[in-house]
1. Under 12 Å from a point 7 Å along the Cα-to-Cβ line of B:S68: which residues of the range B:130-153 have their amide N that close?
2. Counting other Cβ atoms within 10 Å, which trypsin sites (Lys or Arg not before Pro) in the range A:27-88 have at most 15 and lie in a DSSP loop?
3. What figure in square angstrom, to the nearest 10, would you give for the accessible area of B:W296 with a 1.4 Å probe?
4. Among B:53-62, A:98-107, what's the highest-first ranking by average C-beta atoms within 10 angstrom per residue?
5. Report the calculated FRET efficiency for B:N380 and B:D115 (r = Cβ-Cβ distance, R0 = 35 Å), to the nearest 0.05.
6. For the pair A and B, how large is the buried accessible area, both sides, in square angstrom to the nearest 100, if the probe is 1.4 Å?
7. How would you order A:164-171, B:143-150 from highest to lowest mean count of nearby Cβ atoms within 10 Å?
8. Can you give the FRET efficiency to the nearest 0.05 for B:A150 and A:E137, using r as the Cβ-Cβ distance and R₀ = 60 Å?
Amino acid sequence: MRKSINLSIYFTAFGLMLLAFNADASPLDSPGAFKALVCSACHGFGGDSPGSTVPILAGMSPAYFKKAIKDYAEGKRPSPEMEPYAKYVVEAGLDEIAAYFAEQKKQSTRIKSNPAAIRRGMAAAGQCTVCHNPQGEGEPEKGFPDLRGQPAGYLQAQMLLLKEEKRKLQDTTLADLKQKVLKRLSDRVIADLAAYYSSLK
Amino acid sequence: MKNITRREFLKASGIGIAILGTGGEASFAAATKGRRVVVIGGGWGGATAAKYIRLADPSIEVTLLEPSKEFISCPFSNLVLSGVESLKRLTMGYNGLRKHGVKIRHEAATAIEPDKRRVKVGNDYLEYDRLVVSPGIDFQWDQVEGLDKAKDTVLHAWKAGAQTVKLAQQLQSMKDGGVFVMTVPPVAYRCPPGPYERACQVAWYLKTKKPRSKLIVLDANKDIVSKTGLFKTVFKDYPNLEYRPSNKAEKIDVGSREITTEPGDKVKYDVINLIPPQRAAAIAVEADLVGGDKRWCEVDHVTYESVKQKNIHVIGDSTIGLPVPKSGNIANAMGKICAVAVVHLLSDKEAPVIAPGNTCYSWVNDKEAIAVVNSYKIENRKVVQIEQKLTPGKSVAVAQNSLAWRASIWSDILG
C-alpha cells in the first residue's frame, strides 16, 4: 500500500516546526532557571508542585514570593525545610528566582479534594473574603496571598500554624484579625476551607 | 506533486531537518558530532543528569546505561522492613526519560577508556564527548572476616530491591524473643542517617509485633552519625533497642550465628543485617577516578568534572570532598548542576556556578518523621554550607512533608 503524501507540504510543515522549535527557548533558558534548579526537588519542575503540603510556585507574584522568602530566611515563618533554602535564595539571587517562578504558567494542584469538603468550605469562606477577595485571589502585592489552586495540605498547615500562633503576621492589626477568625474555627472547618480554596482555579 | 512511501518520506524529512537545522551546509550527523553524552548509572544522580541535559539542550545525544529496567527508591525502603511501605510503591519505570529523548540501554558499562573517550558495553563501544559517571557504591566485603563467603544469606539491604524484601521476610519470620542485630559501617557510607532510621523501623516493628524481641545496633562510629540529638531522643521510645557505639563488625560466623566486633565483643543473633563498609562502585575504581584512598572520587565543585580524568564527570554517592551527605537529594541536585555544566562545556561556554541543596527525612515509626535540611553556596569555586536546620522533634507533619518531597523528587528524576 502506498500512502500519498505531498512532499512540498511536508517540507514546509517541517520547516515551520523547526522554526517554532528554535524560537522556543529551552525551559532552562532564563537567568533564574539555573539558580532555581535546587527548588524542583520539592516544588516540582518550574514550581509545579505535585505534593500536598508543598506550595505551587509557578505563576506566583514576585512581590509575594520575595516577602515569603524573606520571612522564612528571618525565621518569621517557621519551617525547618524552608529556612535554609530561603537563605540560599537570598544568597543566590532573590529577584531572578522570583522572576523565574513568576514567568511560569500558573498551575493549580492536581490533587483533588473531597467534593463535600469543598462545599462545606465554600459555605464557611465568607469571613476569608475580607482580605483574600471573593475568589481567593488576594492582593499578593500587598501581602495577601492568592490561595486559588494551592494544595490543600499546604493551606491547612499554614492556617493551623497561624491559629496556634506558631506563625505570626507582622502587621499587628491583621495578626489580631486573623487570630480572631481562626480561633473560632475548628480544625475540621480549617480542613474544609483548605479543600475549597485548593479547588479554585 | 509526487507520491512517496512512508519510508521515503521519513528519509526526505530527515534531510529536511538537516538542511534547515544547519543552514543547508552540514549534514545531520555533523550537527550532533561533538555533542554526545553517555551517562553511567540510572539512579538518583544519573537519571536526573540524563533528563536535564536533554531539557537544557535537546540537540545533545544522551545515552543512559542502566542494567536494571526498574528504578527502585532507596529512600523509604527502610519502611518496607517494618511493613509500613511496600517495595512496589517505591518502584518506577524509565519511560519518562525516553519521552525526553534519552536513549536507554539496559546494560552495564564494563569499562571506561578515557584516552579513547569510549565506554565498553558488552562487546560494543560507545563513544562520548563527555561522560557522566553516577555508579553508586560497592561493598568492601573483605573488611569483615567471613562475610565474602556468607554474603548470600547475610543481607545488607543497602541497595533497595530483592535484599530489602528478603530481610523483611527474615524479620517477620524471627521468633518472638529473638535478637535482631544490625551493624553500621564506618563513615563514609551511603545515606548517613539511614542505619538509624532502619533501627527505628525494626524497633517499632518488634515493639508492635514481637514485644519480647530485641534489637542490637553495633555502630562502627563513635556516635550516631546524623541527626544525632533527634535520634537519641527517639531511641528512648524503644526500650527494646540497644545501641552500642564504637563496635565495628570484624568477623561474622554464620554457623554459630555470632558476630565479633573490634573491641572483641561477641554478639549472638537470630537475624543479622550487616551493612558493610563501602566505596565508589567498581567501574569508578577501575577507571582510576578514585583518589589516594582508592575509595571515593574527587570532583570539581562547580562542574563535577573528575580531578583525575578530563571530560568525565562524577556525581552522587561515589563522590567525596564536598561538605554534603551521600543522599538521594544531593545526587539529584548534582545531576541537575552537572547537566547544566556539561551542556555549557560542550558549547565551549563557562559553566554557571550553582550550589546544591539537601533535604533528608527519616521515619521513626509508622507515622512520624524527623528531618535535616542543608543549604549551600559557592565561594572561590568550592561548595560551602550556608545553614543546617533540624526539625524540633518527630511529627506527623514532617512525615507528610516527606511524602510531598518524594512525589516531587521522583518526578524530577524520572518524569
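1. B:136-137
2. Details: sites: A:K35, A:K66, A:K67, A:K70, A:K76, A:K87; in loops: A:K76.
Taking the range A:27-88 and a limit of 15 other Cβ atoms within 10 Å, the loop trypsin sites (Lys or Arg not before Pro) found are A:K76.
3. 10 Å²
4. Values: B:53-62: 20.8, A:98-107: 18.6.
In decreasing order of mean packing, B:53-62, A:98-107 become B:53-62, A:98-107.
5. On the way: r = 31 Å, r/R0 = 0.90.
Between B:N380 and B:D115 the formula returns 0.65.
6. Values: alone 12100 and 18670 Å², together 27000 Å².
Summing both sides, the interface buries roughly 3800 Å².
7. Working: A:164-171: 13.2, B:143-150: 16.9.
Peptide ranking by packing, descending: B:143-150, A:164-171.
8. Values: r = 64 Å, r/R0 = 1.07.
Computed FRET efficiency for B:A150 and A:E137: 0.40.
The values are calculated or read from the model by the stated rules, or taken from the named source; none is laboratory data. What you see is a predicted model, and the numbers here were worked out from it, not measured in a lab. Cβ: placed from backbone, ideal geometry, glycine included. Neighbour counts: every protein chain shown. Remember, those area values only see protein heavy atoms, side chains included, never the ligands or the DNA or RNA. Shrake-Rupley method; radii C 1.70, N 1.55, O 1.52, S 1.80 Å.
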